[in-house]
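Below you'll find the structure, written out as structure tokens, and then a few comments.
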Amino acid sequence: MKPGNYDAITFDVYGTLIDWEPTILNTLETWAKRNAVQTSQRSLLDAFDRARAHYQTLVPCRDYPRVLRSAFAYIADEHGIVPDPGEQMAFGQSVGDWLPYDDSVEALACLKEKFVLGAFTNMDDASFSKSHARLGDCFDVIVTAERAQAYKPALRHFILGLTDMASRNIPPDRVLHVAQSLRADVRPANLLGQDVVWINRKGRGLGHTGYGAELAVPMAEFPSMKDFVGTFLGG
């Protein structure tokens, strides 16, 4: 895994660069406490992971705020509670509140000096634009679920993104993919023969199970973007 082997680096955004779990979990814990729901953080997060995967499979190109609203209702229904419309709507609009990890912006800026950067995300265009701004508008190639009309782990994001790279005279074997999600990114990259690095951040688990995640094989694993960039670039 040498920098000279690549001209471009593509990313899974949410979980890898944007730390979405704390905001999601805080909202769900507040809801659970208000409704006297006895459950653990892990159970709430697992329920959210199941719910979003369900709705992404059911309708493979709905906007992400709708996925979030549906997931909120799904979790409430599991506990026999009718969701408050205001809470449900706020949860759906929370993407803009999700912050980057502390190391994301600096790491991306460093990589952008040497590589074409791409984002492969299950977010819709409008929602992703909020996160992209937080990351310094650093991506040259962007494939959203809205553009792909599909959700990862379907391969269409990769096919469109690699086609965009080819239009820049960058062949697939010169593209490195970096991701947190074993399910949505590492395994699909494996299936396409793409070099892929796993950012396995401590205490984060969305996307680590289901849909072939157990078959995912990254070429390297790092606990953060800072560690990845430091090792990759030899810093």
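Descriptive notes on the structure:
- Around Asn35: net Lys/Arg minus Asp/Glu count, Cβ-Cβ under 14 Å: -3
- Full-stretch length increase - Gln38, Lys130 - with 0.36 nm per residue and alpha-carbon distance subtracted: 29.8 nm
- Against the compact-protein benchmark of 2.2 N^0.38 Å, the Cα-based radius of gyration of the chain scales to 1.00.
- Three-way shape label, region 174-226, alpha-carbon gyration tensor, a/c 1.5: oblate
- By the beta-carbon count within 10 Å of each Cβ, the least crowded to most crowded order of Thr23, Thr16, fewest first, is Thr23, Thr16.
- Percent breakdown of C-alpha pair distances by 10 Å bin, ordered from the shortest bin, for region 1-91: 14, 44, 24, 10, 6, 1
- Using alpha carbons only: equivalent-ellipsoid semi-axes of region 131-235, gyration tensor based, whole Å: 20, 18, 15
- DSSP bridge orientation in the chain - percent antiparallel, rounded to nearest 5: 10 percent
- Principal-axis tilt of helix 21-34 within the chain, Cα atoms, nearest 10 degrees: 0 degrees
- Relative contact order computed over the chain (Cα-Cα under 8 Å; 6+ residues apart), in percent: 24 percent
- The eigenvalues of the Cα gyration tensor, multiplied by 5 and square-rooted, give region 68-183 an equivalent ellipsoid with semi-axes of 31, 17, 12 Å from largest to smallest.
- Among the listed pairs Lys2/Lys130; Lys130/Lys152; Lys152/Lys202, those beyond 30 Å (Cα-Cα): Lys2/Lys130
- If you run the Gaussian network model on the chain, springs between alpha carbon atoms under 10 Å, then out of Val95, Val59, Val141 the most flexible one is Val59.
- By the rule of a C-alpha distance below 17 Å, with chain neighbours fewer than 8 residues away ignored, the aspartates and glutamates paired with Lys226 are Asp12, Asp19, Asp102, Asp103, Glu106, Glu113.
- Choice from Pro60, Pro85, Pro188 showing the highest fluctuation, given a GNM over the chain with Cα pairs closer than 10 Å: Pro85
- Over region 43-85, the pair-distance histogram of Cα-Cα distances with 5 Å bins from zero comes to 5, 25, 33, 22, 12, 2 percent, rounded to whole numbers.
- For the peptides 99-110, 173-184, the ranking by packing is 173-184, 99-110, with the highest mean count of neighbouring Cβ atoms within 10 Å listed first.
FYI, it's all coordinate maths here, none of it is from the lab. Quantities reported herein were computed from a predicted structural model and do not represent experimental measurements. Cβ sites come from the backbone with ideal geometry, for glycine too, and all protein chains shown count toward neighbours.
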